[in-house]
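Take a look at the structure below.
No value in this document is a laboratory result; all are computed from the given coordinates. Note that the coordinates shown come from a computational prediction; the quantities given were computed from them, not determined experimentally. Cβ sites come from the backbone with ideal geometry, for glycine too, and all protein chains shown count toward neighbours.
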C-alpha cells in the first residue's frame, strides 16, 4: 500500500547501499505506521543522471554528491 520514492544521483550508491536504504526506509516507516503497514510498504529508488538535478544557482552532479557522501 504505502509507496515511498527516493531520488538520488546515479553512481553515488552501490547496489548494496541501495538495498540498505530500501530496507531501512521501510523499517523506519513501520516504526511509525505499524508492522502490518511496514510489510505492505514498497520503496523505489530513482537514479537521476548527473547534471540533471539542481536549483536556481547550482546543478547537482555525481561528483559533488560523492564529495558530500565522503564527509560522513
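From the residues in the range 7-58 that are in contact with a strand residue (DSSP E or B) (Cβ under 7 Å, 6 or more places away or on another chain) and surrounded by fewer than 13 Cβ atoms within 10 Å (Cβ to Cβ), which one is farthest from residue 70 (Cα to Cα)? Let's see the steps before the verdict.
Residues of the range 7-58 that are in contact with a strand residue (DSSP E or B) (Cβ under 7 Å, 6 or more places away or on another chain), as a first pass: 7-10, 18, 21-22, 25-26, 29, 41-48, 50-51, 53-54.
If we keep only those that are surrounded by fewer than 13 Cβ atoms within 10 Å (Cβ to Cβ) as well, we get 7, 42, 44, 46, 54.
Details: 7: 19, 42: 28, 44: 24, 46: 21, 54: 20 Å.
Among those residues, the one meeting the criterion is 42.
Kindly indicate the residue of the range 16-71 that is assigned to a loop (DSSP other than H, G, I, E, B) and within 18 Å of residue 6 (Cβ to Cβ) and also farthest from the chain's Cα centre (by Cα) among those meeting that condition.
Residues of the range 16-71 that are assigned to a loop (DSSP other than H, G, I, E, B), as a first pass: 34, 40-41, 49-52, 55-58, 61, 71.
Filter again for within 18 Å of residue 6 (Cβ to Cβ), leaving 40-41, 49-50, 52.
Values: 40: 18, 41: 15, 49: 14, 50: 15, 52: 16 Å.
That would be 40.
Which one of these does residue 1 not meet: (1) surrounded by 10 or more Cβ atoms within 10 Å (Cβ to Cβ); (2) part of a loop (DSSP other than H, G, I, E, B); (3) in contact with a helix residue (DSSP H, G or I) (Cβ under 8 Å, 6 or more places away or on another chain)?
The number of the failed condition is (1).
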